Amino acid sequence: MEISDALLEKLRPLRLMVLDVDGVLTDGSLFFHVDGSETKAFNTQDGQGIKLLQASGVEVAIITGRDSSIVSQRAAALKINNVMQGREDKINALSELVAKLGLDWNQVGYCGDDLPDLAAIRKAGFGASVPNAPDYIRQHSDYVTQRAGGQGAVRELTDLIMKAQGNWQACLNHYLYSQRSH
């Protein structure tokens with residue numbers, strides 16, 4: 001995929017990529033069990049992409065409107081340190097995070113899929129959405145993934161950022177060449 005110059009300008013300065021959970025890291029389905037617990041399905045390729053992006057120097061954070069122990073577990077497994085749950089006021093949460101980390105807005109990316117995400121998508125230096133988001137969300141995004149939320153959309157974003165920042169080939173080479181048996 002060819003990355004346009006305009007998109008490159010938005011992706012190169014990123015030092016933080018913030019993700020919504022339901023509809024982005026998952027397909028948006030919530031499974032409630034009789035005992036009151038809930039289940040969500042996360043994509044393993046998204047998880048690998050998050051780890052690769054972090055290793056390339058871009059921090060990943062989560063801002064979600066729901067409060068879920070499953071999200072805490074997934075974030076811990078991926079070593080995501082900045083997790084803000086129960087925050088429907090996502091633009092305020094994002095502003096707090098940007099200030100806490102001492103970043104400029106052009107260094108921040110945000111991916112969301114619904115109305116609580118809209119202001120954050122618009123304010124971030126790079127605003128992204130997923131094809132399963134309503135069109136009035138997608139039209140305000142700098143980029144809409146080809147893959148749906150929970151189906152590799154985050155991996156698509158992490159690979160795109162790494163390619164734009166010139167880190168993708170080194171990552172690929174690591175897996176191509178350093179793991180050969182001698």
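Read-outs throughout are calculated quantities, based only on the coordinates presented, and are distinct from any laboratory measurement. This one's a predicted model, so the numbers in the text were calculated from it and none came from an experiment. Here Cβ is always computed from backbone atoms with ideal geometry, including for glycine, and neighbour counts include all displayed protein chains.
At a Cα cut-off below 13 Å, give the aspartates and glutamates reachable from K79, other chains included and same-chain residues fewer than 8 away excluded. Partners found: E59.
Residue-wise HN-Hα couplings along the range 86-92, as the Karplus relation 6.51 cos²θ - 1.76 cosθ + 1.60 with θ = phi - 60° gives them from phi, are x, 10, 6, 7, 5, 5, 5 Hz; Gly and Pro carry x. When Lys and Arg each count +1 and Asp and Glu each count -1, what net charge do the other residues less than 9 Å away from I70, Cβ to Cβ, add up to? Net local charge, I70 excluded: +1. The alpha-carbon positions of the range 1-137 define a convex hull whose volume is 117 Å³ per residue. Straight-line cross-link partners of K90 among the lysines, defined as a Cα under 18 Å from its Cα and at least 8 positions apart when in the same chain: K100, K123. Take the Cβ atoms of S95 and A170, set R0 to 30 Å, and the FRET efficiency comes out at 0.35.
Here the Karplus relation 6.51 cos²θ - 1.76 cosθ + 1.60, evaluated at θ = phi - 60°, turns the backbone of the range 136-143 into coupling constants of 6, 8, 4, 5, 9, 9, 6, 8 Hz, with x for every Gly and Pro.
Hand me the GluC sites (Glu not before Pro) from the range 51-109 located in a DSSP loop with no more than 13 other Cβ atoms within 10 Å, in residue order please.
Values: sites: E59, E88, E96; in loops: E88.
Qualifying residues, ordered by number: E88.
Coupling constants for the range 68-80 follow from the phi torsions by the Karplus curve (6.51 cos²θ - 1.76 cosθ + 1.60, θ = phi - 60°), and in residue order they are 9, 5, 5, 5, 4, 5, 5, 4, 5, 4, 9, 6, 8 Hz; glycine and proline get x. If you plug the beta carbon distance of S56 and S178 into 1/(1 + (r/R0)^6) with R0 = 25 Å, you get a FRET efficiency near 0.95. Put a dot 7 Å past the Cα of V83, heading toward its Cβ, do the same for W105, and the two dots end up 2.9 nm apart.
Overall, the anisotropy analysis places the range 121-165 in the oblate class: the square-rooted eigenvalues a ≥ b ≥ c of its C-alpha gyration tensor yield a/c not less than 1.5, with a/b not exceeding b/c.
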